[in-house]
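Enquirer: Let me give you the structure first, and then I'll get to my questions.
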Amino acid sequence: MKTTALSKLGQRTQTPPISWLMKLALDHPHLISLAAGFTDNPSLPVEETRALLNEILGSPRSRRAALQARNVRDARRPVPVAANEIYSPERMLITSGSQQLLYMLTECLCDSGDIVLVEDPTYFVYLGIVQSHDFRCRGIRLAPDGIDLSHLEQTLEALRRRGELKRVKMLYLVSYSQNPTGLTTSFAKKAGALAMLKRFERAAGHRIYLLEDAAYRELRFAGDDVASALALEGADERVIYTGTYSKPFATGVRVGFGILPEPLLKVVLRVKANHDFGTSNLLQQLLCRALASCRYERHLPELQRRYARKAATMTRAMREHFPAEVRWREPNGGLYVWARCPKPLQSGVNSRLFRSALKHDVLYVPGELCYANDPTRRKPNNEMRISFGSATEADIRTGIARLGATLHELL
Ligand SMILES: Cc1ncc(COP(=O)(O)O)c(C=O)c1O
């Protein structure tokens with residue numbers, strides 16, 4: 001055939017790296033995967049879910065309603081945000097995982113060639129959305145308390161000078177125990193970022209949204225909660241907040257949510273109706289009851305304790321087995337440790353380290369996958385995302401010992 005029936009998007013969309021990382025795990029039966037962002041298996045709320053589904057399907061009042069479709073607009077539920085983060089339930093939307101919302105939002109805001117500002121590094125699955133749509137990214141340097149505001153300013157200023165500010169639609173921040181670095185953005189940084197976006201709006205000719213992805217907010221096991229950007233002045237017009245029940249409840253349930261500025265919400269709702277008529281009503285009923293009965297809230301502390309223990313097991317093993325030149329920060333939540341190897345040692349997909357780790361039957365996410373294709377930035381190639389989410393504590397210890405042995409061989 002000379003041509004293809006596939007659209008440009010169909011042709012551009014690549015296999016997400018996580019899919020081939022998972023395939024590698026299947027192809028190596030003895031492999032310990034510290035790559036997947038899956039959650040802890042034993043702590044999945046099996047009994048709670050069974051009891052809640054029994055309640056829903058046992059009650060003559062709720063069982064038929066739960067199995068019937070609902071209007072996409074009906075999908076509004078109380079969501080876990082802090083008390084000072086005011087939002088009207090009218091601005092809320094439930095989606096099939098927060099991934100669906102990230103996809104729809106980006107699609108609703110961007111056309112081919114438009115620019116999304118992202119943290120450098122960022123959640124790599126989000127980069128797949130950007131790549132397949134032919135959107136562009138500018139990476140903003142990360143400091144321990146969130147993006148470097150002076151770099152954000154320089155980037156916006158450079159885009160303004162090139163006449164490209166009108167292509168900039170939003171800044172995407174994974175603000176709590178970030179995937180992949182584990183860093184949490186301070187409230188001051190959120191305030192600074194929002195003020196900066198506002199300052200450049202006039203030259204852009206439209207709003208530049210702040211998209212706050214709070215996927216890991218409830219997996220914090222140390223330190224205090226930081227208020228979200230929803231608590232900032234002007235947030236109702238500019239801040240998009242996305243959250244998920246996947247990480248704190250069950251990844252298999254696939255329910256996420258968002259709080260959106262009203263005009264944007266209208267558009268996303270229309271797109272969502274075209275996508276799927278609305279998120280599974282049964283699963284929404286399940287989560288609604290889990291929240292109302294406080295089963296959800298009671299489940300969280302145990303989950304946080306487990307992740308705290310697993311994170312400590314991982315970093316203890318890293319101290320024991322990794323060469324001293326490899327650096328990382330203790331995570332305060334989430335599922336990941338971000339480790340940096342000394343410069344000459346590369347960690348990328350084609351590196352000796354990655355191949356050798358595979359031979360030692362251990363898998364990590366090469367850090368380079370988490371950097372956007374930004375022509376103005378160089379992609380570091382000496383970092384690894386290592387997850388303590390789904391592996392058992394015994395596997396974490398063995399996996400880190402194997403990775404440590406690999407690192408010692410190559411350094
Ligand atoms: C930062 C971040 N945002 C969003 C998601 C999507 O989560 P879900 O679609 O399960 O809600 C993930 C999943 O790993 C993530 O790491």
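Values quoted throughout were computed directly from the atomic coordinates according to the rules given, and no laboratory measurement underlies them. All values reported here derive from a predicted model rather than from experimental measurement. Backbone-built Cβ (ideal geometry, glycine too); neighbour counts: all protein chains shown.
Enquirer: Between residue 292 and residue 20, how many nm apart are label points set 7 Å from Cα along the C-beta direction?
Expert: 4.7
Enquirer: Just order 45-55, 59-69 by mean Cβ neighbour count inside 10 Å, highest at the front, would you?
Expert: Numbers: 45-55: 14.8, 59-69: 11.8.
Highest-to-lowest ranking by the protection proxy: 45-55, 59-69.
Enquirer: Between residue 187 and residue 2, what FRET efficiency follows from the Cβ-Cβ distance if R0 is 60 Å, with the result rounded to 0.05?
Expert: My answer for the efficiency is 0.60.
Enquirer: Explain nothing, just the number: relative contact order of the chain, from Cα pairs under 8 Å at least 6 residues apart, as a whole percent. Write down the numbers at each step before the final one.
Expert: Numbers: 737 pairs, mean separation 95.7, N = 411.
The value is 23 percent.
Enquirer: While we're on this one: Which of 115, 400 comes first, and how do the rest follow, when ranked by fewest Cβ neighbours within 10 Å? Show your work: numbers first, answer last.
Expert: Numbers: 115 22, 400 28.
Listed from fewest to most nearby Cβ atoms, that is 115, 400.
Enquirer: Cut-off is 10 Å between beta-carbons; in what order do 151, 30, 206 appear when sorted fewest neighbours first? Present the calculation step by step, with values, prior to reporting the outcome.
Expert: Working: 151 17, 30 6, 206 12.
Ordered by Cβ neighbours within 10 Å, fewest first: 30, 206, 151.
Enquirer: At a temperature of 10 °C and a viscosity of 1.306 mPa s, determine how fast region 96-177 diffuses translationally according to Stokes-Einstein, using the Kirkwood radius over alpha-carbon pairs as Rh; express D in µm²/s, rounded to the nearest whole number.
Expert: Values: Rh = 13.2 Å.
In µm²/s, the coefficient rounds to 120.
Enquirer: How do the peptides 172-178, 331-337 rank, highest first, by the average count of neighbouring beta carbon atoms within 10 Å per residue? Intermediate results must be reported in sequence, preceding the final value.
Expert: Details: 172-178: 27.0, 331-337: 25.0.
Packing order, densest peptide first, comes out as 172-178, 331-337.
Enquirer: So how much slack lies between residue 349 and residue 329, counting 0.36 nm per residue of separation and subtracting their Cα-Cα distance, in nm? Write out the running numbers ahead of the final one.
Expert: Details: separation 20, 0.36 × 20 = 7.20 nm, distance 2.30 nm.
Going from the current span to full extension adds 4.9 nm.
Enquirer: With θ set to phi - 60°, apply the Karplus curve 6.51 cos²θ - 1.76 cosθ + 1.60 along region 277-286 and write out the HN-Hα couplings as whole Hz, x wherever there is a Gly or Pro.
Expert: 6, x, 6, 2, 5, 4, 5, 5, 4, 4
Enquirer: Next up: Ordered by residue, what ³J(HN,Hα) values in Hz, to whole numbers, does region 113-125 give under the Karplus form 6.51 cos²θ - 1.76 cosθ + 1.60, where θ = phi - 60° and Gly and Pro are x?
Expert: With the stated coefficients, region 113-125 comes to x, 5, 10, 10, 8, 10, 5, 10, x, 9, 5, 6, 5 Hz.
Enquirer: Identify the residues of region 308-345 with backbone N under 20 Å of a label point that sits 7 angstrom from the Cα of residue 392 along the Cα-to-Cβ direction, or state none.
Expert: 308-318
Enquirer: Quick one, can you get me the convex hull of the C-alpha atoms of region 128-213 expressed as volume per residue in Å³? Each step should come with its number before you reach the end.
Expert: Values: hull volume 7.8 nm³, N = 86.
Given the Cα convex hull of region 128-213, per-residue volume reads 91 Å³.
Enquirer: Quick one: give the max-minus-min coordinate of the C-alpha atoms of the chain along each principal axis, largest first, in Å.
Expert: If we take the Cα atoms of the chain, the spans are 61, 59, 57 Å.
Enquirer: Compute the relative contact order of region 162-314 as a whole-number percentage, counting only Cα pairs closer than 8 Å that sit 6 or more residues apart in sequence. Don't skip to the end; give the middle numbers.
Expert: On the way: 172 pairs, mean separation 30.0, N = 153.
Reported as a whole number, the value is 20 percent.
Enquirer: Order these peptides, 250-259, 134-143, 155-164, by their mean beta-carbon neighbour count within 10 angstrom, highest first.
Expert: On the way: 250-259: 21.6, 134-143: 19.8, 155-164: 15.3.
Result, highest mean first: 250-259, 134-143, 155-164.
Enquirer: Mind putting a number on the dipole of region 78-160 about its Cα centre? Charges go on the C-beta only, +1 for Lys and Arg and -1 for Asp and Glu, and I need it in Debye to the nearest 20.
Expert: Working: 5 positive and 12 negative charges, 17 e Å.
Its charge dipole is roughly 80 debye.
Enquirer: Measure out, as a whole number of angstrom, how far apart the alpha-carbon centroids of region 1-27 and region 344-393 sit.
Expert: 20
Enquirer: Which value does Rg/Rh take for region 1-122 over its C-alpha atoms, Rh per Kirkwood? All intermediate terms of the calculation are to be shown ahead of the outcome.
Expert: Details: Rg = 20.9 Å, Rh = 20.1 Å.
Over the Cα atoms of region 1-122, Rg/Rh equals 1.04.
Enquirer: As a test of the formula, what do you get for the chain when each DSSP H run with n ≥ 4 contributes -39,500 (n - 2.57) and the sum is divided by the residue count, at 222 nm and rounded to the nearest 500 deg cm²/dmol? Present the calculation step by step, with values, prior to reporting the outcome.
Expert: Details: 14 runs with 172 residues, N = 411.
Counting only the DSSP helices, I get -13000 deg cm²/dmol.
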